[in-house]
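Structure first, then comments.
The values are calculated or read from the model by the stated rules, or taken from the named source; none is laboratory data. Keep in mind the model is a prediction, meaning the values are calculated, not measured. So basically every Cβ, Gly included, is an ideal-geometry build from the backbone, and we count neighbours across all protein chains shown. All accessible areas refer to the heavy atoms of the entire protein, side chains included, with ligands and DNA or RNA removed. Shrake-Rupley method; radii C 1.70, N 1.55, O 1.52, S 1.80 Å.
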Amino acid sequence: MSKINRNEPPLFEVDGKAVLTGLRRGDKLGRYAILAVRDPLGFSKDAADVIADSMTNVREITRNSMFTVLSGCYQDAQIIVCSTGSGGADTEIAMVDLMQYGGVDTFLRIGTSGTQRPDLNVGDIVITSGAVRDEGLTKEYIDACYPAIASYELMLPMIESAQARSLRYHVGITRSNDAIYCGQGRPVMGYLPNEGVVEHWVNAGVLNVERETAAILTLAQLFHARGGSICTVCNSSITQKVGVSQGIDDAIAVGLEGLALLARRDAEKEKAGQKWWSPHCG
């Protein structure tokens, strides 16, 4: 009779199937996954379906009230697209299940964000180099001083893709937090406990603010995967403009083209017998 560890809750799994995501143990989904929030600021329908519209050979792996997981191809790259709810908590579930059930080791967020800087406009693209972990989920995994850094192997193809399209893009630090009202400087019925929150992070050089990137980068680093994020700016505290879906097509195109380029570079790296990609691998 096996010993029961009473301190360890059971997994949300029935007959080898993850109840929350619908993924099954042994699924061979490939290396690359896009994570996108079901966000009406960016997507006119399920985010996974919007992104998959730009792909070929699309098939549905699972779809439920929490997650949609699709598989398809862009150029020669096989890519998983997973739509989630908002925030780090839903992102965690998707990432962990994709790693444990599907063997995914490369995660790219595509989505929306806000800016509080005068040099960024609605519709601009932000490619994250690192994230402020100003949210709660990642602190349950690792100390607050642990850095959330994007994989350079993901960043470089995104930058090259944005340059090739002559887009307005920026590379730098993203702030991830939980509260979109007081936490991002929006008073609730006159209540704002930290009136200096916007100025504080602008002065620190933060480019944009959203809710998921820190979770993706932190969990990717902890579990020997690669994480990255590319977001459109959909609202600006400076201009007070809200651009619903503005720039999201550019973010999707850059993300897909960047992942296809990354897949080619991964093949070059493997052929060269190198652990890390550099131009010498080609």
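Here are a few things to note about the model shown:
- Ranking of LEU156, LEU259, LEU222 by solvent-accessible surface, largest first: LEU156, LEU222, LEU259 (1.4 Å probe, protein heavy atoms only, all chains present).
- Of ALA131, ALA48, ALA144, the one that fluctuates the most in a GNM where the chain has Cα springs shorter than 10 Å: ALA144
- Structural descriptor for the chain: relative contact order 23 percent, calculated from alpha carbon pairs under 8 angstrom and at least 6 residues apart.
- Electrostatic dipole magnitude of the chain [Cβ: Lys, Arg +1; Asp, Glu -1; Cα centre; debye, to 20]: 380
- Each Lys and Arg contributes +1 and each Asp and Glu -1, all at the Cβ; summed about the Cα centre of region 82-205, the dipole is approximately 380 debye.
- Per residue, the chain exposes 48 Å² of solvent-accessible protein surface, assessed with a 1.4 angstrom probe and all protein chains in place.
- Dipole axis of the chain (+1 Lys, Arg; -1 Asp, Glu on Cβ), positive-most option in CYS231, LEU219, GLY16: GLY16
- Accessible surface of GLU13 - all protein chains present, 1.4 Å probe, nearest 10 Å²: 60
- Magnitude of the charge dipole, region 146-263, Cβ model with Lys/Arg +1 and Asp/Glu -1, debye to 20: 120
- Averaging the Cα positions of each part gives two centres, and for region 212-278 and region 191-209 these lie 24 Å apart.
- For the pair region 110-172 / region 19-77, the C-alpha centres are spaced 21 Å from each other.
- Accessible carbon and sulfur surface of the chain relative to its total accessible area, %, 1.4 Å: 53
- Rel. contact order, % - alpha carbon contacts under 8 angstrom, at least six apart, region 102-159: 35
- Annotation: LYS45 carries an accessible surface of approximately 100 Å², with a 1.4 Å probe and no ligand, DNA or RNA atoms counted.
- Ranking GLY130, ALA204, CYS82 by how far each Cα lies toward the positive end of the dipole of the chain (charges on Cβ) leaves CYS82 at the top.
- Among SER229, SER151, SER237, the largest mean-square fluctuation in a Gaussian network model of the chain, built with springs joining Cα atoms closer than 10 Å, belongs to SER237.
- Just checking the listed ones, ARG175, ARG186, ARG31: in the Gaussian network model of the chain with Cα springs under 10 Å, the one fluctuating most is ARG186.
- Accessible area per residue was computed with a 1.4 Å probe on protein heavy atoms; CYS145 scores about 120 Å².
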